[in-house]
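The values are calculated or read from the model by the stated rules, or taken from the named source; none is laboratory data. Keep in mind the model is a prediction, meaning the values are calculated, not measured. Positions of Cβ are generated from backbone atoms using ideal geometry, with glycine treated the same way; all protein chains shown enter the neighbour counts. Just the protein is used for accessible areas: all its heavy atoms, side chains included, with ligands, DNA and RNA removed. Shrake-Rupley method; radii C 1.70, N 1.55, O 1.52, S 1.80 Å.
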Amino acid sequence: VGRATLPMMVDTKSNTIVCNESKDIVRMLRAMSTSRDLAPPSQITQIEALSGDVYTRLNNGVYRCGFSSKQAAYDIAVKDVCDCLDDINVILEKQSFLNGNTVSEADVFLLPTVTRFDAIYNPFFRASKTSISSSFPNIMRWLRDMYAIPNVRATFDLDDAKRSYYKQLFPLNPSAMIPATLEQPYLDTLATKEDTVYASTVFDSK
(Lines give C-alpha, C1' and ligand atoms only; values in the text may rest on other atoms or scores of the structure.)
Protein backbone atom coordinates (compact mmCIF):
# COMPACT_ATOMS: atom_id res chain seq x y z
CA VAL A 1 0.00 0.00 0.00
CA GLY A 2 1.43 3.36 -1.02
CA ARG A 3 1.04 6.78 0.49
CA ALA A 4 -2.58 7.87 0.85
CA THR A 5 -3.28 11.28 -0.65
CA LEU A 6 -7.08 11.39 -0.60
CA PRO A 7 -9.85 10.67 1.88
CA MET A 8 -11.45 7.38 1.00
CA MET A 9 -14.34 5.26 2.20
CA VAL A 10 -13.87 1.56 1.50
CA ASP A 11 -16.27 -1.35 1.80
CA THR A 12 -14.06 -3.82 3.64
CA LYS A 13 -16.34 -6.77 2.87
CA SER A 14 -16.18 -6.36 -0.90
CA ASN A 15 -12.84 -4.53 -0.83
CA THR A 16 -14.19 -1.83 -3.12
CA ILE A 17 -13.99 1.96 -3.00
CA VAL A 18 -17.28 3.55 -2.03
CA CYS A 19 -16.29 7.22 -2.19
CA ASN A 20 -13.22 9.48 -2.25
CA GLU A 21 -14.92 12.87 -1.93
CA SER A 22 -14.54 14.23 1.61
CA LYS A 23 -17.80 16.19 1.62
CA ASP A 24 -19.78 13.15 0.47
CA ILE A 25 -18.07 10.95 3.07
CA VAL A 26 -19.06 13.40 5.81
CA ARG A 27 -22.64 13.27 4.54
CA MET A 28 -22.63 9.46 4.55
CA LEU A 29 -21.29 9.33 8.10
CA ARG A 30 -23.82 11.94 9.14
CA ALA A 31 -26.62 9.78 7.75
CA MET A 32 -25.39 6.88 9.88
CA SER A 33 -25.69 8.86 13.09
CA THR A 34 -28.85 8.27 15.06
CA SER A 35 -28.41 11.13 17.51
CA ARG A 36 -26.46 14.08 16.04
CA ASP A 37 -27.09 16.17 12.95
CA LEU A 38 -24.35 18.36 11.46
CA ALA A 39 -26.70 19.81 8.85
CA PRO A 40 -30.32 20.01 10.00
CA PRO A 41 -32.75 20.33 7.06
CA SER A 42 -33.84 23.80 8.19
CA GLN A 43 -30.22 25.04 8.07
CA ILE A 44 -28.77 23.08 5.16
CA THR A 45 -28.85 25.97 2.65
CA GLN A 46 -27.05 28.30 5.05
CA ILE A 47 -24.50 25.67 6.04
CA GLU A 48 -23.73 24.75 2.44
CA ALA A 49 -23.26 28.39 1.47
CA LEU A 50 -20.96 28.99 4.43
CA SER A 51 -18.87 25.85 3.96
CA GLY A 52 -18.65 26.54 0.20
CA ASP A 53 -17.30 30.02 0.84
CA VAL A 54 -14.76 28.73 3.37
CA TYR A 55 -13.66 26.04 0.93
CA THR A 56 -13.20 28.44 -2.00
CA ARG A 57 -11.40 31.20 -0.14
CA LEU A 58 -9.53 29.34 2.62
CA ASN A 59 -9.33 25.57 2.23
CA ASN A 60 -8.57 25.81 -1.48
CA GLY A 61 -7.01 29.24 -1.14
CA VAL A 62 -3.98 27.98 0.77
CA TYR A 63 -3.21 25.57 -2.07
CA ARG A 64 -3.64 28.33 -4.65
CA CYS A 65 -1.06 30.30 -2.64
CA GLY A 66 1.37 27.41 -2.47
CA PHE A 67 1.20 26.39 -6.11
CA SER A 68 0.81 29.79 -7.77
CA SER A 69 3.35 30.33 -10.51
CA LYS A 70 2.29 33.92 -11.27
CA GLN A 71 2.43 36.86 -8.90
CA ALA A 72 -1.08 38.02 -9.80
CA ALA A 73 -2.55 34.58 -9.02
CA TYR A 74 -0.72 34.46 -5.69
CA ASP A 75 -1.87 37.98 -4.76
CA ILE A 76 -5.50 37.02 -5.36
CA ALA A 77 -5.16 33.77 -3.43
CA VAL A 78 -3.46 35.25 -0.38
CA LYS A 79 -6.05 38.04 -0.23
CA ASP A 80 -8.80 35.41 -0.30
CA VAL A 81 -7.16 33.55 2.59
CA CYS A 82 -6.60 36.63 4.73
CA ASP A 83 -10.06 38.06 4.08
CA CYS A 84 -11.68 34.71 4.87
CA LEU A 85 -9.80 34.41 8.16
CA ASP A 86 -10.89 37.96 9.04
CA ASP A 87 -14.51 37.10 8.28
CA ILE A 88 -14.38 33.85 10.26
CA ASN A 89 -12.85 35.65 13.23
CA VAL A 90 -15.71 38.20 13.17
CA ILE A 91 -18.33 35.43 12.98
CA LEU A 92 -16.77 33.61 15.93
CA GLU A 93 -16.72 36.78 17.99
CA LYS A 94 -20.51 36.70 17.98
CA GLN A 95 -21.21 32.98 18.29
CA SER A 96 -19.56 29.75 19.35
CA PHE A 97 -19.39 28.04 15.95
CA LEU A 98 -19.63 29.00 12.31
CA ASN A 99 -23.36 28.45 11.97
CA GLY A 100 -24.46 29.45 15.46
CA ASN A 101 -23.99 27.79 18.81
CA THR A 102 -23.93 24.20 17.61
CA VAL A 103 -21.33 22.33 15.55
CA SER A 104 -22.14 21.98 11.86
CA GLU A 105 -20.51 20.58 8.74
CA ALA A 106 -18.96 24.00 8.19
CA ASP A 107 -16.91 23.55 11.39
CA VAL A 108 -15.86 20.05 10.37
CA PHE A 109 -14.61 21.28 6.98
CA LEU A 110 -12.75 24.21 8.56
CA LEU A 111 -10.97 22.21 11.27
CA PRO A 112 -8.20 20.51 9.23
CA THR A 113 -7.12 23.78 7.61
CA VAL A 114 -7.00 25.68 10.89
CA THR A 115 -5.12 22.84 12.57
CA ARG A 116 -2.40 22.85 9.90
CA PHE A 117 -2.29 26.56 9.15
CA ASP A 118 0.44 27.92 11.45
CA ALA A 119 2.78 24.96 11.00
CA ILE A 120 2.26 24.26 7.29
CA TYR A 121 0.09 26.49 5.17
CA ASN A 122 1.39 29.82 6.44
CA PRO A 123 5.16 29.14 6.32
CA PHE A 124 5.27 26.54 3.54
CA PHE A 125 2.58 27.79 1.16
CA ARG A 126 3.15 31.48 2.03
CA ALA A 127 -0.56 31.66 2.74
CA SER A 128 -0.67 34.71 5.01
CA LYS A 129 1.19 37.68 6.44
CA THR A 130 0.48 36.44 9.94
CA SER A 131 -0.49 33.38 11.96
CA ILE A 132 -3.86 32.35 13.30
CA SER A 133 -2.49 32.08 16.83
CA SER A 134 -1.16 35.65 16.87
CA SER A 135 -3.92 37.48 15.01
CA PHE A 136 -7.20 35.58 15.29
CA PRO A 137 -8.15 35.03 18.95
CA ASN A 138 -11.72 33.97 18.21
CA ILE A 139 -10.55 31.24 15.84
CA MET A 140 -8.15 30.00 18.52
CA ARG A 141 -11.01 29.95 21.06
CA TRP A 142 -13.09 27.98 18.56
CA LEU A 143 -10.21 25.53 18.06
CA ARG A 144 -10.01 24.88 21.80
CA ASP A 145 -13.76 24.32 21.90
CA MET A 146 -13.55 21.84 19.02
CA TYR A 147 -10.80 19.93 20.80
CA ALA A 148 -12.88 19.76 23.96
CA ILE A 149 -15.22 17.45 22.07
CA PRO A 150 -14.16 13.85 22.81
CA ASN A 151 -12.33 11.99 20.00
CA VAL A 152 -11.79 15.06 17.80
CA ARG A 153 -8.09 15.42 18.59
CA ALA A 154 -7.48 11.76 17.83
CA THR A 155 -8.26 12.43 14.17
CA PHE A 156 -5.16 14.64 13.69
CA ASP A 157 -1.43 14.07 13.80
CA LEU A 158 0.31 17.37 13.13
CA ASP A 159 3.81 15.87 13.19
CA ASP A 160 2.84 13.37 10.53
CA ALA A 161 1.20 16.10 8.46
CA LYS A 162 4.37 18.18 8.62
CA ARG A 163 6.50 15.26 7.51
CA SER A 164 4.14 14.57 4.64
CA TYR A 165 4.01 18.12 3.31
CA TYR A 166 7.64 19.10 3.75
CA LYS A 167 9.11 15.81 2.55
CA GLN A 168 6.72 14.88 -0.27
CA LEU A 169 6.23 18.18 -2.09
CA PHE A 170 9.68 18.18 -3.67
CA PRO A 171 9.20 21.16 -6.03
CA LEU A 172 8.38 23.38 -3.06
CA ASN A 173 11.02 21.96 -0.72
CA PRO A 174 13.89 20.25 -2.63
CA SER A 175 15.90 19.63 0.54
CA ALA A 176 12.97 17.80 2.19
CA MET A 177 14.01 19.36 5.49
CA ILE A 178 11.29 19.72 8.11
CA PRO A 179 11.64 23.20 9.63
CA ALA A 180 10.85 24.42 13.09
CA THR A 181 7.41 25.98 12.83
CA LEU A 182 4.82 27.74 14.92
CA GLU A 183 2.86 24.75 16.18
CA GLN A 184 3.15 25.38 19.93
CA PRO A 185 -0.10 27.39 20.11
CA TYR A 186 -1.87 24.44 18.47
CA LEU A 187 -0.21 22.01 20.88
CA ASP A 188 -1.38 24.21 23.74
CA THR A 189 -4.97 23.65 22.64
CA LEU A 190 -4.46 19.96 23.35
CA ALA A 191 -4.23 20.87 27.03
CA THR A 192 -7.97 21.54 26.80
CA LYS A 193 -9.72 18.70 28.56
CA GLU A 194 -12.16 16.63 26.58
CA ASP A 195 -15.60 17.19 28.06
CA THR A 196 -18.45 14.79 27.34
CA VAL A 197 -20.98 17.02 29.08
CA TYR A 198 -19.91 20.01 27.00
CA ALA A 199 -20.08 17.94 23.83
CA SER A 200 -23.67 16.99 24.59
CA THR A 201 -24.67 20.67 24.39
CA VAL A 202 -23.06 21.61 21.06
CA PHE A 203 -24.78 19.29 18.59
CA ASP A 204 -28.19 19.47 17.03
CA SER A 205 -30.18 16.30 17.68
CA LYS A 206 -31.98 14.30 15.02
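With respect to the cross-link table entries K79/K206; K13/K206; K23/K162; K13/K193; K162/K206; K79/K167, which display a Cα-Cα separation exceeding 32 Å? Violating the 32 Å limit, Cα to Cα: K79/K206; K13/K193; K162/K206. Three semi-axes describe the equivalent ellipsoid of the stretch 11-169; taken as square roots of 5 times the Cα gyration tensor eigenvalues and ordered largest first, they are 26, 21, 16 Å. Relative contact order of the stretch 86-173, taken over Cα pairs closer than 8 Å and 6 or more residues apart, is 28 percent. For the stretch 107-123, backbone nitrogen atoms closer than 18 Å to the point 7 Å from M9 Cα along Cα-to-C-beta are found at 107-110. Taking the Cα centre of the chain as origin and assigning +1 to Lys and Arg Cβ atoms and -1 to Asp and Glu Cβ atoms, the resulting dipole is close to 460 debye. According to the calculation over all Cα-Cα pairs in the stretch 132-199, the P(r) per 10 Å bin from zero is 18, 39, 29, 12, 1 %. Between the residues T16, N101, P137, the greatest Cα displacement towards the positive end of the dipole of the chain, with unit charges on the Cβ of Lys, Arg, Asp and Glu, is found for T16. Were the residues from Q95 through M32 laid out at 0.36 nm apart, the gain over their Cα-Cα distance would be 19.9 nm. Computed from the Kirkwood radius of its Cα pairs, the Stokes-Einstein diffusion coefficient for the stretch 138-177 at 20 °C and 1.002 mPa s stands at 178 µm²/s.
Spatially, the stretch 84-133 and the stretch 138-155 are offset by 12 Å when compared through their Cα centroids. Ranked by the mean number of other Cβ atoms within 10 Å per residue, highest first, peptides 74-80, 42-48, 98-104 order as 98-104, 74-80, 42-48.
For the chain, adding -39500 (n - 2.57) for each run of n ≥ 4 DSSP H residues and dividing by the number of residues yields -14500 deg cm²/dmol at 222 nm. About its Cα centre, the dipole of the stretch 1-80 is roughly 180 debye, where the only charges are +1 on Lys and Arg Cβ and -1 on Asp and Glu Cβ. Tell me the carbon and sulfur percent of the accessible area for the stretch 1-156, rounded to whole percent, probe radius 1.4 Å. On the stretch 1-156, the fraction of accessible area on carbon and sulfur atoms equals 54 percent. Entry comment: accessible area of the chain is 55 Å² per residue, from protein heavy atoms only and a probe of 1.4 Å.
Label positions at N138 and E48, each projected 7 Å from the Cα along the C-beta direction, are separated by 2.6 nm. The eigenvalues of the Cα gyration tensor, multiplied by 5 and square-rooted, give the stretch 1-98 an equivalent ellipsoid with semi-axes of 29, 23, 9 Å from largest to smallest.
In percent, rounded to a whole number, the relative contact order of the chain is 22, using alpha-carbon pairs under 8 Å and six or more apart.
Taking only the alpha-carbon positions of the stretch 44-104 and ignoring solvent, what does the Debye formula give for the base-10 log of I(q)/I(0) at q = 0.13, 0.17 Å⁻¹? Values returned for q = 0.13, 0.17 Å⁻¹ are -0.38, -0.60.
For the stretch 200-206, the Karplus equation 6.51 cos²θ - 1.76 cosθ + 1.60, evaluated at θ = phi - 60°, returns couplings of 5, 9, 10, 10, 6, 8, 7 Hz by residue, with Gly and Pro reported as x. Using the Cβ of P185 as centre and a radius below 11 Å, the other residues enclosed give a net charge of -2, where K and R count +1 and D and E count -1.
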